[in-house]
Amino acid sequence: MRPTSTPGDDTDPDHSSRRLGRNVYALAAVSFFTDVSSEMIYPLLPFFLTTVLGANPGFIGVIEGAAESTAALLKLVSGWWSDRVKRRKPLIVAGYVLASAMRPLVAIAQTATQVLLIRVSDRVGKGIRNSPRDALVADSVHPSMRGRAFGLRSAADNAGALLGPLIAFGLISTLHLSLRSVFWLAVIPGALAVLTAIFGVVEVAKHAAAAKAQPTLHGAKNMGGTFWTFLVIVFVFTLGNSTDAFLLLRARQLGVAVALAPILWALLNGVKSISNIPGGVLSDRIGRRPTLIAGWLVYALVYFLFSRATAAWQAWALFAAYGIFFGLTEGAELALIADVVPKERRGIAYGWYYLAIGIGALPASIMFGALWDRFGSGVAFMFGAALALVAALALTAAARLTNRPS
């Protein structure tokens, strides 16, 4: 018999059930190792593309936007399928295997187009795993601890993203390895992530009502107006949320040395990791919407200041402040979705959430790159700040509407 665990019962008043269990910690570990692997490569990729392969900022936007949009489409399908077959783990494991196998192949790329294909394949793995993984986290904990659970998983994710660039920096500065050699070594933490997913994650036993449900791929029935309203607002925010590769290019423009890029990236992810759990706990206590609004306002302010920055030290300060945005929003967004949709449709709900982000990611990155190429980085960052402010105001208005008596 396959090992299973019992989920936190959404109606169970017994506070003894309100603890983080095996799946939360196992998936946190998987996220940690995966991001060590990914972030040994990602902060170096813009410089590899521009200095080694000759790509321009606009093409970087195409690469990142296409990769994330591809992943988003698969997140919808994999989320629906995990709801339908009542099993999350096989998709989770398959997604991590594919991504861990494809990611280091950047080391043999000779053209920017090859990097595009590798990044898309890497993101296919992410697309297969993310919706089932987040649904499994939500299935595994009591509702009162969802913010904390997602915050912990995000904190581990970002801790890995902190360590990955530091490892890359050490390999380059101390051992004087080439970028391609660093990319190859990223296979090691990727393999550890796969092993942890295989042996650490267990299926969650389903409630009887959830077991009888047969969700459809469109998933609209009984999802609720609150969910769809939130999704539209998230999409608006995403249109101004281009790939973070542009932040690294902006830092280089402000005078941050290429050799220090991994350290700058580590600073960002360190602040993310430190703030993820407090941000998740805050959303458990004061509500998801106020926490998200605060996070999006932080984003708007940071992007506005990036548009006005003139010195390298300002890039360091803004990268640190940018990490607070993630701490406030990563856990809160995922917990909010679990709060407002039926448990038997969590997989498809996360799929629609990631699809909205993915659909917005491609035009967001292309528009940002085009604005940078034509008008300069200042205009591009102002565009991102403006859309974040619009989204924050829309979520504030939506909160008032949904809080009215029916």
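Going residue by residue through the stretch 51-62, is there one that turns out to be surrounded by fewer than 19 Cβ atoms within 10 Å (Cβ to Cβ), more than 27 Å from residue 119 (Cα to Cα) and either modelled with pLDDT under 70 or not small (Gly, Ala, Ser) (or both)? No: zero hits.
Scan the stretch 310-323 for residues that are in contact (Cβ under 8 Å) with a residue 12 or more places away in the chain and surrounded by fewer than 20 Cβ atoms within 10 Å (Cβ to Cβ) and the total you get is 7.
Going by what's in this entry, would residue 118 be described as surrounded by fewer than 19 Cβ atoms within 10 Å (Cβ to Cβ), modelled with pLDDT of 80 or more, within 23 Å of residue 178 (Cβ to Cβ) and in contact with a helix residue (DSSP H, G or I) (Cβ under 9 Å, 6 or more places away or on another chain)?
No: the conditions fail for residue 118.
Look at the stretch 84-97: where a residue is at pLDDT 90 or above and a partner is in a helix (DSSP H, G or I) and surrounded by fewer than 24 Cβ atoms within 10 Å (Cβ to Cβ), sitting 6+ places away or on another chain with Cβ atoms under 6 Å, you get 93/198; 95/125; 96/194; 97/194. Taking the condition hydroxyl-bearing (Ser, Thr, Tyr), in contact (Cβ under 8 Å) with a residue 60 or more places away in the chain, surrounded by 21 or more Cβ atoms within 10 Å (Cβ to Cβ) and more than 14 Å from residue 23 (Cα to Cα), does residue 131 pass? Yes; evaluated as a whole, the condition is true for this residue.
The condition (being at pLDDT 85 or above, crowded, with 17+ Cβ neighbours inside 10 Å, closer than 26 Å to residue 238 by Cβ and not basic (Lys, Arg)) is satisfied by just one residue among 100, 31, 69: 31. For the stretch 347-396, the tally of residues that are farther than 20 Å from residue 59 by Cβ and either at pLDDT 90 or above or not aliphatic (A, V, I, L, M) (or both) stands at 22.
Number of residues in the stretch 191-225 that are of a type in the set (A, V, I, L, M), modelled with pLDDT of 85 or more and surrounded by fewer than 17 Cβ atoms within 10 Å (Cβ to Cβ): the value is 3.
Residue by residue, here is whether (1) farther than 21 Å from residue 193 by Cβ; (2) part of a helix (DSSP H, G or I); (3) of a type in the set (Lys, Arg) holds:
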| position | (1), (2), (3) |
| --- | --- |
| 144 | yes, yes, no |
| 147 | yes, yes, no |
| 151 | no, yes, no |
| 154 | no, yes, no |
| 158 | no, yes, no |
| 161 | no, yes, no |
| 167 | no, yes, no |
| 172 | yes, yes, no |
| 177 | yes, no, no |
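Consider the stretch 226-249 and keep the residues that are of a type in the set (Ser, Thr, Tyr) and in a helix (DSSP H, G or I). The one that is modelled with the lowest pLDDT is 226. Within this structure, residue 259 passes the test of being part of a helix (DSSP H, G or I), within 22 Å of residue 160 (Cβ to Cβ) and modelled with pLDDT under 90.
Output yes when any residue across the stretch 129-139 is at pLDDT 90 or above and within 30 Å of residue 257 (Cβ to Cβ), and no when none is. No, the stretch 129-139 contains no residue that is at pLDDT 90 or above and within 30 Å of residue 257 (Cβ to Cβ). Residues in the stretch 274-292 that are surrounded by fewer than 22 Cβ atoms within 10 Å (Cβ to Cβ) and within 19 Å of residue 238 (Cα to Cα): 289, 290.
The values are calculated or read from the model by the stated rules, or taken from the named source; none is laboratory data. None of the values given here were measured: they were computed from a predicted structure. In this analysis, Cβ positions are derived from the backbone assuming ideal geometry, glycine residues included, and neighbour counts consider all displayed protein chains.
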